Amino acid sequence: MAILVTGGAGYIGSHTVVELLTAGYEVIVLDNFSNSSPMSLKRVSEITGREFKIYNVSILDRNGLEKVFSENSIHAVIHFAGFKAVGESVEAPLKYYQNNISGTILLCEMMQKYEVKRLVFSSSATVYGVPKVVPISEDSPLSATNPYGRTKLMIEEILEDLFRSDNRWSISILRYFNPIGAHDSGKIGEDPSGIPNNLVPYITKVAVGKLRELKIFGADYPTKDGTGVRDYIHVVDLAMGHLKALEKNFASTGVSTYNLGTGKGYSVLEIVKTFEKMCGEKIPYTITERRPGDVAVCFSDPSKAKKELNWSAKKEIEEMCADSWRWQAKNQEGYDEEENTILAGTGNLRLIQNNGDFLY
Ligand code: NAD
Ligand code: UD1
């Protein structure tokens, strides 16, 4: 069965493509590489020994989408493509509404036209706003504290409306907690551009000497050691959650929403200590002001996904830190710049063969 993966070159997308290929699915990746490198997909091919089609197309490009849907017999879509930087979304809200919301509408229009009505959508725990109660279950109150979060909330509502208008749709909305870690080969991982906003990518850059020290945003929260507590989940566990959601989409119609998290919370200091243990380096840090918009504690109740999808996260925090470290240590500059230059401008359609060569 052929699965279209939008944003498949990105951090979570590339790990999900590995699991899809390994499970025997045919995969078609659509990505405009606005926040990723084609190298990630070459590495996916190396890991899996599988070939797949890659379209350098934006979800905002109606003609490009038409080409993808008309050239392939697509059974379901996993939709990762979108912008995700909270701070940037406050500065450039229209860019976020355009890319995330307009892009999703165009994608769904094309799915409708081609009678592809199975969708897995990347939402986020950010839709819970400032949670009043933890662990957070799916029926907790929803709110957004920034434009990025609002795009996720709005898209969730758009998808509900879509199903109300046509009950042949089968939609899984997955609310991710804090994905970290990397494939254990060390070949693919998170490669943020510029200075990372998120905790673990920042720590890995400190560990390889690219950044001087971690700034811990506040040690006066009402938590075990005063630092913020989050539900970190290994990206490979997260990827597996998508395969389970897909299976459900093939079995029934409706809109179902699931938390993908471990259900456990770790503080910033606990992450720093675990990371130090796994990489054998000291992570220098200073305590600074709280980051505006941060909550003290956020972790999931993942029991609905366990019950309905037969999915639960397996990997512990040590493995998450070790895998993040392996990826960063082996790829200190992220995906190799030189190889990226070689791959730039190779046309719209690339087909990766087993040996990693690119065909048009
Ligand atoms: P990412 O930036 O690594 O991946 C997103 C991919 O989408 C990139 O490859 C990017 O080039 C592509 N893209 C963006 N706009 C596009 C467009 N218009 N057309 C085609 N491709 C486009 O991010 P990620 O961490 O892999 O996140 C994937 C999804 O999961 C996003 O929707 C994000 O909002 C959501 N999410 C991520 C996290 C997280 O912590 N990483 C948490 C919750 C939800
Ligand atoms: C952030 C986003 C959230 C998004 C999530 C996943 C904000 C306000 N929230 O959440 O919308 O869904 O990423 O992409 O940006 N920390 C430090 N120093 C750092 C970085 C982080 O101390 O340099 C702390 C934070 O205060 C927090 C914890 O580490 O307590 C985790 O931070 P982060 O990785 O940014 O994730 P979230 O805050 O959960």
Kindly establish whether Glu46 is under 19 Å from Trp327 (Cβ atoms), surrounded by fewer than 21 Cβ atoms within 10 Å (Cβ to Cβ) and out of contact with any Asp or Glu (no Cβ under 9 Å at 6 or more places or on another chain). yes
Would a scan of the stretch 170-184 turn up a residue that is under 30 Å from Ser45 (Cα atoms) and open to solvent by 70 Å² or more (accessible area, probe 1.4 Å)? yes
Condition test on Ser165, is it more than 12 Å from ligand 2 (Cβ to nearest atom) and either free of Cβ contacts under 8 Å to residues at least 24 places away in the same chain or open to solvent by 10 Å² or more (accessible area, probe 1.4 Å) (or both)? yes
Could you go through the stretch 137-144 and let me know if any residue there is within 20 Å of Phe83 (Cα to Cα) and within 18 Å of the chain's Cα centre (by Cα). no
Would you be able to say whether some residue in the stretch 64-72 is closer than 21 Å to Trp169 by Cβ, of a type in the set (Val, Ile, Thr) and in contact (Cβ under 8 Å) with a residue 60 or more places away in the chain? yes
Go through the stretch 113-130 and give me each residue that's within 25 Å of Ala239 (Cα to Cα), open to solvent by 10 Å² or more (accessible area, probe 1.4 Å), of a type outside the set (Gly, Ala, Ser) and within 12 Å of ligand 2 (Cβ to nearest atom). Thr126
Residues satisfying the stated conditions in the stretch 102-136, i.e. under 17 Å from the mean Cα position of the chain (by Cα) and within 12 Å of ligand 1 (Cβ to nearest atom): Gly103, Thr104, Val120, Phe121, Ser122, Ser123, Ser124, Ala125, Thr126, Val127
Out of Leu106, Leu20, Leu94, report the one residue that is free of Cβ contacts under 8 Å to residues at least 12 places away in the same chain and part of a helix (DSSP H, G or I). Leu94
Based on this model, can you work out whether Phe52 counts as among the aromatic types (Phe, Trp, Tyr), over 25 Å from Leu153 (Cβ atoms) and in contact (Cβ under 8 Å) with a residue 12 or more places away in the chain? yes
Can you give me the number of residues within the stretch 110-140 that are among the charged types (D, E, K, R) and outside any loop (DSSP other than H, G, I, E, B)? 2
Give me the residue from the stretch 195-205 that is farther than 16 Å from Arg326 by Cβ and in contact (Cβ under 8 Å) with a residue 24 or more places away in the chain and, out of that set, most open to solvent (accessible area, probe 1.4 Å). Asn197
Note: among Met1, Met39, just one is touching a Phe, Trp or Tyr at 6+ places or on another chain (Cβ under 9 Å), of a type outside the set (Ser, Thr, Tyr) and at pLDDT below 95, namely Met1
Restricting to the stretch 13-35, count the residues that are within 16 Å of ligand 2 (Cβ to nearest atom), surrounded by fewer than 24 Cβ atoms within 10 Å (Cβ to Cβ) and closer than 16 Å to Val120 by Cβ. 0
In contact with a helix residue (DSSP H, G or I) (Cβ under 6 Å, 6 or more places away or on another chain), open to solvent by less than 60 Å² (accessible area, probe 1.4 Å) and at pLDDT 95 or above: is that true of Asn146 in this structure? yes
Members of the stretch 142-200 that are assigned to a helix (DSSP H, G or I) and among the hydrophobic types (A, V, I, L, M, F, W, C): Leu153, Met154, Ile155, Ile158, Leu159, Leu162, Phe163, Leu199, Val200
Among the numbered conditions (1) within 23 Å of Ala144 (Cβ to Cβ); (2) within 16 Å of ligand 1 (Cβ to nearest atom), tell me where Thr262 comes up short. (1)
When the stretch 53-95 is examined, which residues are found to be over 28 Å from Thr126 (Cα atoms), open to solvent by less than 40 Å² (accessible area, probe 1.4 Å) and either charged (D, E, K, R) or within 20 Å of the chain's Cα centre (by Cα) (or both)? Ile54, Tyr55
Could you tell me how many of the residues in the stretch 149-162 are open to solvent by less than 60 Å² (accessible area, probe 1.4 Å) and more than 16 Å from ligand 1 (Cβ to nearest atom)? 1
Looking at Lys244, Lys264, can you tell me which residue is at pLDDT 95 or above and over 26 Å from Val17 (Cα atoms)? Lys264
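The values are calculated or read from the model by the stated rules, or taken from the named source; none is laboratory data. None of the values given here were measured: they were computed from a predicted structure. Backbone-built Cβ (ideal geometry, glycine too); neighbour counts: all protein chains shown. The area values use the complete protein model at the heavy-atom level, side chains included, leaving out ligands, DNA and RNA. Shrake-Rupley method; radii C 1.70, N 1.55, O 1.52, S 1.80 Å.
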